[in-house]
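Got a structure here, written out as structure tokens. Questions coming.
The values are calculated or read from the model by the stated rules, or taken from the named source; none is laboratory data. Everything quoted here is computed from the prediction, not taken from an experiment. Cβ atoms come from the backbone with ideal geometry, glycine included; neighbour counts cover every protein chain shown. Keep in mind that these areas ignore ligands, DNA and RNA; they rest on the heavy atoms of the full protein, side chains included. Shrake-Rupley method; radii C 1.70, N 1.55, O 1.52, S 1.80 Å.
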Amino acid sequence: MEDKLVTLAILTYSKAQILKNVLENEGIESYIHNVNLIQPVISSGVRIRIKESDLPRALKIIESSSWLSDDVLKEEPKKTDQKGSSNQILIPVDFSDYSMKACEFGFDFASRIHAEVVLMHVYFSPVYMPSLQYATEGYGMPMEYDLGIKNMLDDIHNKLNKLTDALKERIANKELPDVKFSCMLREGVPEEEILYYARKEKPLIIIMGTRGQGEKELGLIGSVTAEVIERSPTFVYAIPKNASFKTFGEIHKVAFITNFDQRDLVAFDSLITTFQNYKFQIAFIHLNSDEQRRTWNEIKLAGIKEYFKKQYPQLEISYNLIAEDQLLTNLDVYVKEQAIDALCITNYKRNVFARLFNPSIARKMIFHSDTPILIIK
């Protein structure tokens with residue numbers, strides 16, 4: 001039986017070449033395939049494909065290799081404060097309506113904590129197979145390729161200028177707070193560039209818009225927001241397209257999903273410490289998968305509630321069990337009945353294999369819910 005090819009990753013051409021070399025040095029045949037030969041697609045790149053039988057070994061190499069580390073990318077990390085975070089709020093933008101919603105939220109939060117906003121747009125420069133052939137044979141890139149890249153970059157610069165002009169106008173009209181902000185352009189696959197910047201610069205939080213309920217997940221591992229949620233080293237606040245606009249000051253009731261893990265206690269403390277200037281009502285939620293253990297789960301939830309009441313007497317705390325069967329529907333009902341303003345979810349680092357075949361709660365929720373989600377690291 002023929003060993004079929006599977007897609008291992010989608011990267012820019014230069015990063016794909018690095019990964020290809022790493023794999024082949026380990027005896028794994030790999031192939032670079034184009035995703036789009038006609039026009040640039042913002043969230044795509046070239047595909048690294050391997051034999052299906054090599055997938056377990058390749059995934060292990062990705063997890064342990066430094067092929068995307070600072071040593072490869074040759075950049076120095078930025079200095080951070082004592083807590084290890086810079087005084088930045090990162091807002092990835094793609095010039096859509098939900099990008100503006102993220103800007104509104106991010107500017108308000110930045111003004112409250114005296115932070116700087118960094119707007120990042122990542123563009124993908126298409127790789128044409130004929131062009132690669134010309135370059136390989138020493139002819140250089142055809143003129144049509146250069147003109148296409150120039151036109152694309154001119155269009156991106158125009159859109160970025162329009163966005164900054166719109167933000168400055170709204171600041172002048174007192175519709176947005178007057179905070180310091182800067183813009184940056186990066187070439188590459190959006191999720192990879194956002195994550196690299198987050199690892200290097202260590203912003204306090206990444207605020208992103210999402211496509212929202214009813215829109216399908218795209219790409220190998222998911223949308224840009226889904227991948228950032230999976231791998232970000234810092235807080236991520238995901239705002240669905242159809243969510244009613246709320247500032248952090250308007251968030252009053254938060255649902256914190258817990259799995260009775262000790263790391264949940266650490267994450268909760270991180271949440272309260274980071275947002276100590278805000279007063280939330282906290283509802284602890286456990287996803288109950290076994291009715292026979294329901295009573296025991298209720299006892300554990302009650303114990304968590306009492307523990308946090310002692311540690312954080314200023315908080316108003318409740319707890320609930322939600323059946324894991326028909327999880328998304330049950331969460332929707334709970335959120336509406338309890339008037340939940342935001343869902344808080346811890347998303348511990350999971351390996352590539354788990355991300356491919358077992359999507360996390362946070363990942364499922366961003367494509368289903370219209371409720372903002374705060375990912376705690």
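Within region 226-238, can you find the residues that are open to solvent by less than 10 Å² (accessible area, probe 1.4 Å) and not in a helix (DSSP H, G or I)?
Once the filter is applied, which keeps residues that are open to solvent by less than 10 Å² (accessible area, probe 1.4 Å) and not in a helix (DSSP H, G or I), region 226-238 yields SER232, VAL236, TYR237, ALA238.
May I ask you to list the residues in region 254-312 that are part of a strand (DSSP E or B) and open to solvent by less than 30 Å² (accessible area, probe 1.4 Å)?
Of everything in region 254-312, those that are part of a strand (DSSP E or B) and open to solvent by less than 30 Å² (accessible area, probe 1.4 Å) turn out to be VAL254, ALA255, PHE256, ILE257, ILE282, ALA283, PHE284, ILE285, HIS286, LEU287, ASN288.
Within region 313-339, can you find the residues that are open to solvent by 80 Å² or more (accessible area, probe 1.4 Å), in a loop (DSSP other than H, G, I, E, B) and either aliphatic (A, V, I, L, M) or closer than 26 Å to SER270 by Cβ (or both)?
Of everything in region 313-339, those that are open to solvent by 80 Å² or more (accessible area, probe 1.4 Å), in a loop (DSSP other than H, G, I, E, B) and either aliphatic (A, V, I, L, M) or closer than 26 Å to SER270 by Cβ (or both) turn out to be PRO313, GLN314, GLU324.
Tell me, please, whether a residue that is on the phi > 0 side of the Ramachandran plot, modelled with pLDDT under 85 and open to solvent by 10 Å² or more (accessible area, probe 1.4 Å) can be found in region 192-213.
Scanning region 192-213 turns up no residue that is on the phi > 0 side of the Ramachandran plot, modelled with pLDDT under 85 and open to solvent by 10 Å² or more (accessible area, probe 1.4 Å).
What residue, among those in region 172-184 that are touching a residue at least 60 places away in the same chain (Cβ under 8 Å) and out of contact with any Leu (no Cβ under 8 Å at 6 or more places or on another chain), is nearest to ILE113 (Cα to Cα)? Full working, then the answer.
Restricting attention to region 172-184, the residues satisfying the condition of being touching a residue at least 60 places away in the same chain (Cβ under 8 Å) are 176-184.
Checking which are out of contact with any Leu (no Cβ under 8 Å at 6 or more places or on another chain) leaves us with 177-180.
Details: PRO177: 12, ASP178: 13, VAL179: 10, LYS180: 12 Å.
The selected residue is VAL179.
Still on this structure, I have one more. Pick from region 239-253 the residues that are part of a helix (DSSP H, G or I) and of a type outside the set (D, E, K, R): which of them is farthest from THR371 (Cα to Cα)? Before the answer, list the steps.
Step one: list which residues in region 239-253 are part of a helix (DSSP H, G or I), which gives 248-250.
Subsequent filtering for residues that are of a type outside the set (D, E, K, R) retains 248-249.
Values: PHE248: 13, GLY249: 16 Å.
Ranking the qualifying residues of region 239-253, first place goes to GLY249.
Moving to a separate point now. If the requirement is being over 22 Å from ALA238 (Cβ atoms), among the acidic types (Asp, Glu) and at pLDDT below 75, which of these qualifies: GLU316, GLU298, GLU291?
GLU291
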